[in-house]
Amino acid sequence: MPERKHNLPTMFRRLDDEITGDVLDAIVIDPRSRGILYLPGEYSTDNRPARHQVKLDSTDPDNGSVYTDQNQLGGPDHYVVNYDVWNHRDSQIVARIMLTAPETSRVQE
């Protein structure tokens, strides 16, 4: 599959009051822009992130024109994880990283 081309400005706001419990990060992304979600912590092949997913909320139930790309920055012995969220829509969206299993589970989905 050819790589998607995204040429949108970075414009988002962090929702610090929503980062509790199973929500690891939350942002509001402006129309026709991109935002970055950060998975807290540092990881390695011996210390993988807990199971999680990116949840998108918008007025479109299919979340059309919204894309996510996972980035693993670093090497196998030390890396961080973030997600680029591309909002090609004409309205704001909310993006969250949510735990999908207890924190004792160390395998990423």
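Looking across the stretch 75-89, the residues that are at pLDDT 90 or above and exposed (fewer than 14 other Cβ atoms within 10 Å of the Cβ) come down to 75, 77, 78. Annotation: of all residues in the stretch 13-25 being aliphatic (A, V, I, L, M) and under 18 Å from residue 80 (Cβ atoms), the one that is farthest from the chain's Cα centre (by Cα) is 19. Quick check: is even one residue across the stretch 43-50 over 15 Å from residue 85 (Cβ atoms), touching a Gly at 6+ places or on another chain (Cβ under 8 Å) and not aromatic (Phe, Trp, Tyr)? Scanning the stretch 43-50, I find at least one residue that is over 15 Å from residue 85 (Cβ atoms), touching a Gly at 6+ places or on another chain (Cβ under 8 Å) and not aromatic (Phe, Trp, Tyr), so the answer is yes.
The values are calculated or read from the model by the stated rules, or taken from the named source; none is laboratory data. Remember, predicted model here, so these are calculated numbers, not experimental data. Glycine gets a Cβ as well: all are built from the backbone with ideal geometry, and neighbour counts include every protein chain shown.
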